[in-house]
Amino acid sequence: MAEKMALAKAINESLRRALEADPKVVVMGEDVGKLGGVFRVTDGLQKDFGESRVIDTPLAESGIVGTAIGLALRGYRPVVEIQFDGFVFPAYDQIVTQLAKMHARSLGKVKLPVVVRIPYGGGIGAVEHHSESPESLFAHVAGLKIVSPSNASDAYWMMQQAVQSDDPVIFFEPKRRYWDKAEVNTEAIPGPLHTARVVREGSDLTLAAYGPMVKLCQEAADAAAEEGRSLEVLDLRSVSPIDFDSIQASVEKTRRLVVVHEAPVFFGSGAEIAARITERCFYHLEAPVLRVGGYHAPYPPARLEESYLPDLDRVLDAVDRSLAY
Amino acid sequence: MTVESTAARTPRRSAGTKAGTTGTKRTTNTTKKATGARKSSGKSAEPALVQLLTPEGKRVKNAEFDKYVAGITAEELRGLYRDMVLTRRFDAEATSLQRQGELGLWASLLGQEAAQIGSGRALRDDDYVFPTYREHGVAWCRGVDPTNLLGMFRGVNNGGWDPNGNNFHLYTIVIGSQTLHATGYAMGVAKDGADSAVIAYFGDGASSQGDVAEAFTFSAVYNAPVVFFCQNNQWAISEPTEKQSRVPLYQRAQGFGFPGVRVDGNDVLANLAVTKWALERARAGEGPTLVEAFTYRMGAHTTSDDPTRYRGDEERLAWEAKDPILRLRRYLESSNHADEGFFAELESESEALGRRVREAVRAMPDPDHFAIFENVYADGHALVDEERAQFAAYQASFADADGGK
């Protein structure tokens, strides 16, 4: 059934479906119960599934992830919420040293089907630690899978697939897009979780992005079209693994690539994409792969975030620079 | 030796239900009772500890804990002795194998046999253990083949047994992490309505970790059926317990709302009794318990450590007089529970175990190179596939070069 819904609501519906489908699925985090989460993503779930399946936890992120690991070892499939991007670091140890490595440590004997939901990114005028994009810090760790939907439909289906995954998945939710509505077909057959999608076809240059930056890239492509430039927009959807085959196919056609993310460009996912695409498409490229993203500075106070975050002009500037080669 | 719960089985409470409050209340009551019974939080310099066997091997009465070992037979006592002797023999063999270059590292449990065998033998098969990296004696009790423990110390794997085969989780090297896994697992046990219990091992050093404090918080809030078994062996590498805490460690539990008890860690009977008590609390829906086994790490932290830099011989000598194996032997002999034949037979069994371990380690092959890429993910990952193929091509390039000669 197709229905128009906000991205946050799509995740809510997806979690509801997961809770209904499998009694082993549990949702846990700070304020996810009665309050329904600070963004209301888990709204109403505790009321319908009870306090033992939608669990308000103590305010201790390492404890949340650590106990989720224990629940997974017992056969549960926990979906944990980290309230904000900047609050994940107390859990970083459990995620990196335990969640990511336990399957390998056990020589494949135990599985860790844990989803860690993290609302991420800026643009909402928040205080410090509420606007960060730490995906690269997780993508660097083998054993984790990292995804980020850009729209309500993907949010719905990618959450379904993340919950069904036997690997730990860090699910980055673009918080500034929580209220963006899109058609969600809850009976569709989704494509694989870790594949990119061509959002808009073009021939002059490829814009690659994920999460909150996909919408910006579409707007950039619209603006460029008015100037007679045909930009292809790729929604990568997954940061680990990255669908390099799709990027390569696009770049072999357009010969130019600009990667856009909110995270700092230094050691960001754009750097990895630039390196690998340069290797794969060296003789197709007409320009170096360019990156648009955050600066090597702490995420700034809200009054400055517009200058920090990639915007239409910065994307178009990178497009101009690429096309000038 | 397993323990059957005699306590009434009450429905489990979980996440913040109204009934959970009741569980917390009951826990608090038990705290009062438990600490009151021991009168140990007073002003004396060294708090009292639960002891059933003195260092001289004399059985002393304990009103609260005697009942947990009341029915113990001579055969079971000999069994505990055998477990400790064989564990020590295995441990000594592993230390030797490290000296011979067969293992890269070994973390010896020398001196902690009673804490580990006593607590390990209190467990039921369906209970679940979350060890540190030194619980070789507990592994023995769980039926994990000792040679499987050596793979990670030889460097052929990072954990060489199926955790679900013996309900004995893999060794955890990051200090304290496993206490949260144990708590989560116990929360799952409660959700399942099972009456199994979970036990988390950790040390005095780990007690400073945030994860341990969080495990205490979560287990208390959710009334999880978990026993926190802290082996206070006095030393976290070079740091004495005073660098970790201003209060005796077992007293930490009180602030979290569950009982804590200090037990003579070198008294196998006391460890058996106290752990049975704590497990029964867990099974009965009374929530977590902290057991502090007051013991001593007789050897170095690991084979890479040099304890002469930070502690003197006198301390070790004092603890040698409290040796866990010696005191049980004295008790067995004085109560005529074991004869010379038993000890002689055990001696040869020990040597056979040492030989078997030695031979198994020496025969342990290096893993295949491609094991690097195995089990990184359960459902696969494109990058791992790509890098495996690159690695294979690189390896094959040497074969081509050889073939071209």
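For this structure, a couple of remarks:
- Remark on B:Trp235: its backbone amide H falls under 5 Å from those of B:Arg297, a criterion applied only to residues 5 or more positions apart or on other chains, H modelled at 1.01 Å from N.
- Ranked list, fewest to most other Cβ atoms within 10 Å of each Cβ, for B:Asp195, A:Asp235, A:Asp245: A:Asp245, B:Asp195, A:Asp235
- Sorted by Cβ neighbour density within 10 Å, fewest at the top, the residues B:Trp140, B:Trp319, B:Trp235: B:Trp319, B:Trp235, B:Trp140
- Hydrodynamic analysis of segment B:259-405 uses the Kirkwood radius over alpha carbon pairs. Inserted into Stokes-Einstein at 20 °C and 1.002 mPa s, it gives a translational diffusion coefficient of 98 µm²/s.
- All-pairs alpha carbon distance profile, segment A:2-185, 10 Å steps from 0, percent: 10, 41, 38, 10, 0
- Sites B:Leu317 and B:Glu349 - FRET efficiency at Förster radius 30 Å, r taken between beta-carbons, to 0.05: 0.55
- Chain A: most fluctuating residue of A:Gly36, A:Gly108, A:Gly191 per GNM, C-alpha cutoff 10 Å: A:Gly108
- On Cα atoms only, tilt of B:177-192 relative to the major axis of chain B in degrees: 70 degrees
- Note on chain B: GNM, Cα springs under 10 Å; of B:Thr73, B:Thr87, B:Thr183, the largest mean-square fluctuation is that of B:Thr73.
- Taking the C-alpha atoms only, the angle from helix A:213-226 to the longest principal axis of chain A is near 20 degrees.
- Near the amide H of A:Val259, within less than 5 Å, lie the amide hydrogens of A:Ala208, A:Leu290, A:Arg291, A:Val292, all on another chain or at least 5 residues away, with H placed in the peptide plane.
- Cα gyration tensor, segment B:18-362 - rounded (a/c under 1.5), prolate or oblate: rounded
- Average Cα contact separation per residue, segment A:197-323, under 8 Å, 6 or more apart, as relative contact order %: 27 percent
- The ranking of A:Lys145, B:Lys58, B:Lys322 by Cβ neighbour count inside 10 Å, starting from the fewest, reads B:Lys58, B:Lys322, A:Lys145.
- Per-residue 3J(HN,Hα) values for segment B:108-114, derived from phi via the Karplus relation 6.51 cos²θ - 1.76 cosθ + 1.60 with θ = phi - 60°, read 6, 9, 3, x, 9, 5, 5 Hz in sequence order (x marks Gly and Pro).
- When chain B is treated as a GNM with alpha-carbon contacts under 10 Å, the residue of B:Glu387, B:Glu351, B:Glu359 showing the greatest mean-square fluctuation is B:Glu387.
- Of A:Lys101/A:Lys181; A:Lys24/B:Lys276; A:Lys109/A:Lys145; A:Lys145/A:Lys175; A:Lys24/A:Lys181; A:Lys24/A:Lys47, those spanning more than 25 Å from alpha-carbon to alpha-carbon: A:Lys101/A:Lys181; A:Lys24/B:Lys276; A:Lys24/A:Lys181
- Chain A, relative contact order in percent, only Cα pairs under 8 angstrom and at least six apart counted: 16 percent
- Calculated FRET efficiency for the pair B:Ile72/B:Asp306, C-beta based, R₀ 30 Å, to 0.05: 0.15
- Take the Cβ atoms of A:Arg40 and A:Lys253, set R0 to 30 Å, and the FRET efficiency comes out at 0.15.
- Distant alpha-carbon pairs in segment A:197-323 (separation over 25 angstrom), percent: 16 percent
- Segment B:138-157 and segment A:210-254 have their alpha-carbon centroids 51 Å apart.
- Residue-count net charge about B:Asn266 - beta-carbon cut-off 11 Å; Lys, Arg +1, Asp, Glu -1: -3
- Hz values of 3J(HN,Hα) by residue in segment B:130-137 - Karplus curve (6.51, -1.76, 1.60), Gly and Pro given as x: 10, x, 7, 10, 10, 8, 5, x
- Prolate/oblate/rounded call for segment A:110-202, Cα gyration tensor, a/c under 1.5 rounded: oblate
- Debye log10 I(q)/I(0) for segment B:34-163, one point scatterer per Cα, at q = 0.13, 0.18 Å⁻¹: -0.68, -1.06
- Relative to the longest principal axis of the Cα atoms of chain B, the long axis of helix B:18-38 makes an angle of roughly 70 degrees.
- For the protein assembly as shown, the Kirkwood radius over C-alpha pairs fed into Stokes-Einstein at 25 °C and 0.890 mPa s yields D = 88 µm² per second.
- Net charge contributed by nearby residues that have their C-beta within less than 9 Å of B:Ala378 (K/R +1, D/E -1): -2
- Proximal aspartates and glutamates to B:Lys322, defined as alpha-carbon separation beneath 14 angstrom and excluding residues fewer than eight positions away on the same chain: B:Glu56, B:Glu113, B:Asp264, B:Asp267, B:Glu314
A short reminder: the numbers here are calculations on the coordinates, not readings from a lab. These numbers were taken from a predicted model, which means no experiment stands behind them. Don't worry about glycine lacking a Cβ; one is built from the backbone with ideal geometry, like all the others, and counts go over all protein chains shown.
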